[in-house]
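The values are calculated or read from the model by the stated rules, or taken from the named source; none is laboratory data. Source: prediction; values computed, not measured. Here the Cβ positions follow ideal geometry from the backbone for every residue, glycine too, while neighbour counts run over all protein chains shown.
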Amino acid sequence: MKHLLFLLLASLGTACAITSTPAQLVEVGKPSRVDAIKPALTGQGPIQFRKVVAANWAADRGGLIQLEDPKAKAAGLKNELEDIQIYFYVIDHPTFGRYLIDTGIESTMKEKPEDSPVGGMMARFMNMDKLVIHQTTRDWMRQNPGPIKGVFLTHMHLDHIMGVPDLDPTIPIFIGPEESTHKEFRYLFTRGATDDFLEGPRTLSELNFPEPAAPGEPAVIDFFGDQSLFVLSVPGHTEGSLAFVVHSSAGPQLITGDTCHTRWGWEQNVTPGEFTEDADGNRQSLDFLKQFSATLPGVQVHPGHQSATAAGKLETL
Ligand SMILES: [Zn+2]
């Protein structure tokens, strides 16, 4: 059914942008480069880093993992529902304040789910009956008071913007290059809900990346200008997908976004499946993150929807 609807809309020949929310290019941070990251990660970092589990959920494995990959075939992976989680990450910088990476889940989805942008028709397509919310973004903010200076989106798929309605519309939302303007057929399904989650009025802040320092390397911004938070442009899963390297007090942290959704995908270096828009770009970006992370001693890796560090299990709450 999902595939038929997709083919029908694709055959109409109309792709659209993921949202009608306007974006402006912003000059923030310092241009940086990949080979500046590792030397900056020595000693204890200044950032207090937290990972918040907003919900447990389930999604089609064929979306999360490329089942045609020889490693997936050898492992006998089938297209069943896979248990996943929805996270957001908290960056507390001693000088520059609090930022979030991704947004968790808005309170309406817990209190009156039928009124949320993914209520009704959308709920069926998104396995919303499998969503178990642990903590809404508003609940988290009440328990952890303090101003939020900005929010980064690893990308703009719905499961990463569901917490936006709980955030004050004046908080800047930073996105990657052309994330909000690139056109895809698949956005025909989700654009209405995306616009509803982003309703403010808000203006998105598109990060203005420098050119990559070398061919095949991601472009990099040193966001705070003190080498504590590096933002990497890793196109593929979406046009403007972002990854992050955080110099935290608990050691270096790599946030992959959905360049890799799952623990198995990370361990085996297998890309996402149908949820990815540009398979070749995703392959290149995941190859880079895998190879780069291997050069960072003690790095903790955070795939988009599972935790890499808990042997065989999702995080317990
Ligand atoms: Zn996702």
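Observations on the model:
- Candidate set: the range 258-278, residues that are among the polar types (S, T, N, Q) and part of a loop (DSSP other than H, G, I, E, B); chosen: the one nearest to Asp83 (Cα to Cα): Thr262
- Taking every residue in the range 270-294 that is in contact (Cβ under 8 Å) with a residue 12 or more places away in the chain and pairing it with any residue that is among the basic types (Lys, Arg) and crowded, with 17+ Cβ neighbours inside 10 Å, at least 6 positions away or on another chain, the pairs with Cβ-Cβ distances below 8 Å are Thr271/Arg283; Gly273/Arg61; Glu277/Arg186.
- Among the residues listed as Thr190, Thr170, the single one being polar (S, T, N, Q) and within 16 Å of the ligand (Cβ to nearest atom): Thr190
- Search result, residues across the range 45-96 that are of a type in the set (A, V, I, L, M, F, W, C), surrounded by 15 or more Cβ atoms within 10 Å (Cβ to Cβ) and away from the ligand (no atom under 16 Å from the Cβ): Ile47, Phe49, Leu67, Ala72, Leu77, Val90, Ile91, Phe96
- Hey, Glu184 touching a Gly at 6+ places or on another chain (Cβ under 7 Å) and within 16 Å of the ligand (Cβ to nearest atom) or not: no
- Screening Glu179 against (1) assigned to a helix (DSSP H, G or I); (2) of a type in the set (Asp, Glu); (3) within 16 Å of the ligand (Cβ to nearest atom) leaves a single unmet condition, (1).
- Test: residue in the range 288-300 that is β-branched (Val, Ile, Thr), under 29 Å from Gly43 (Cβ atoms) and either more than 16 Å from the ligand (Cβ to nearest atom) or in a strand (DSSP E or B) (or both): yes
- Filtered residue count, the range 258-268, keeping only those that are among the hydroxyl-bearing types (Ser, Thr, Tyr) and either farther than 20 Å from Phe152 by Cβ or more than 18 Å from the chain's Cα centre (by Cα) (or both): 1
- Count - residues of the range 119-150 that are buried (at least 22 other Cβ atoms within 10 Å of the Cβ) and either within 16 Å of the ligand (Cβ to nearest atom) or at pLDDT below 95 (or both): 1
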